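Inspection log for the structure reproduced underneath, given as structure tokens.
The values are calculated or read from the model by the stated rules, or taken from the named source; none is laboratory data. On a predicted model such as this, the values are computed, not experimentally measured, just so you know. Here Cβ is always computed from backbone atoms with ideal geometry, including for glycine, and neighbour counts include all displayed protein chains.
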Ligand SMILES: C[S@@+](CC[C@H](N)C(=O)[O-])C[C@H]1O[C@@H](n2cnc3c(N)ncnc32)[C@H](O)[C@@H]1O
């Protein structure tokens, strides 16, 4: 396989060392081929983002969704990168320590701190102290139990191996979130299980190319960590792994998804998963009650979780119209 993206790491390193080296290099010089999907940046009135933060956007989507924002939250951001999203969260919290950003790579922390100093010069409302940058890693977060309202990671968990690291990282997020707190994440996913030669290629994995799971595996890991409600807010193409360069039988189009997972117990009949499905009652009554606290007003599409969508479809009623997943759930509805 010819694809090689980064330079500093070598074959004698452990996987963790490879990851740290790769992101040290990406801190020392912006890596324009690392993560990131072409999209227009989030515009927030009165926020000027330093160019260097855009150049160091190593995320694969966004974790910033207006419906999660409030000024009194304590936000945890794991894997600070160049500080772009930490700054965006601080736009809403606007107080010392409102955002805690954790990263194990000293050069990345220094870079983020420098970029936040620059942001303070461009934004008179912002002070670098609004973001506390802390040495630490996702496997042992330097944060107390149930002390965080909103936790975020962008394009980090996909590089963690399953069977240990990924499960530990998710369990740490679950531990530090208060009850009903939210974990917002953006990661690549794959439509098929990637061949082991790719998944085991540590540089490709560390660079957010070959470590991704299928959507079903990814969601199951979140549920297994104890998150009872999950929303899929966005799903779009991320990278084409072309058959020739990556030694595949055929091209594989990776996608990136943005999810929010709630720190609520998993119900006995399974997690509530919102993927953008709706149900509409078209009968003659004013509304339809399914006997499980779901009310569908006549002719009004209501967002429903996948469990409810399936249960309503299974009723086989001609006056119930149930739509498929859009993968762009924006709130409201059952459960
Ligand atoms: C792909 S970059 C994403 C950066 C940032 N989230 C963004 O969207 O631009 C991954 C980030 O996670 C950091 N990182 C690597 N291993 C980590 C770990 N075990 N725990 C926490 N952060 C880690 C890297 O230093 C880097 O800042």
Qualifying residue in the range 280-296 (condition: touching a residue at least 40 places away in the same chain (Cβ under 8 Å) and within 22 Å of residue 237 (Cβ to Cβ)): no
Yes/no for residue 169 being farther than 28 Å from residue 43 by Cα and within 13 Å of the ligand (Cβ to nearest atom): yes
Cross-chain or 6+ apart pairs with Cβ under 9 Å, the range 37-54 first and under 17 Å from residue 117 (Cβ atoms), then surrounded by fewer than 17 Cβ atoms within 10 Å (Cβ to Cβ) and at pLDDT below 75: 49/41; 54/41
So residue 105, is it modelled with pLDDT of 95 or more, crowded, with 23+ Cβ neighbours inside 10 Å and in contact with a helix residue (DSSP H, G or I) (Cβ under 6 Å, 6 or more places away or on another chain): yes
Top-ranked residue in the range 276-287 [being surrounded by 22 or more Cβ atoms within 10 Å (Cβ to Cβ) and touching a strand residue (DSSP E or B) at 6+ places or on another chain (Cβ under 6 Å); ranked as farthest from residue 320 (Cα to Cα)]: 279
Among residues of the range 58-83, those that are out of contact with any strand residue (DSSP E or B) (no Cβ under 9 Å at 6 or more places or on another chain) and either in a helix (DSSP H, G or I) or within 8 Å of the ligand (Cβ to nearest atom) (or both), counted: 2
Any hit, the range 67-83, residues being crowded, with 23+ Cβ neighbours inside 10 Å, touching a helix residue (DSSP H, G or I) at 6+ places or on another chain (Cβ under 9 Å) and over 20 Å from residue 173 (Cα atoms): yes
Meets criteria (modelled with pLDDT of 95 or more, more than 11 Å from the ligand (Cβ to nearest atom) and over 30 Å from residue 210 (Cβ atoms)) for residue 110: no
Number of the condition not met by residue 215 [criteria: (1) crowded, with 18+ Cβ neighbours inside 10 Å; (2) closer than 21 Å to residue 32 by Cβ]: (2)
Options 247, 226; residue that is assigned by TED's automatic domain parsing to the domain that holds residue 194, surrounded by 13 or more Cβ atoms within 10 Å (Cβ to Cβ), within 17 Å of the chain's Cα centre (by Cα) and at positive phi: 226
Selected residue (criterion: surrounded by the fewest Cβ atoms within 10 Å (Cβ to Cβ)) from residues of the range 293-335 that are touching a helix residue (DSSP H, G or I) at 6+ places or on another chain (Cβ under 6 Å) and over 23 Å from residue 261 (Cβ atoms): 320
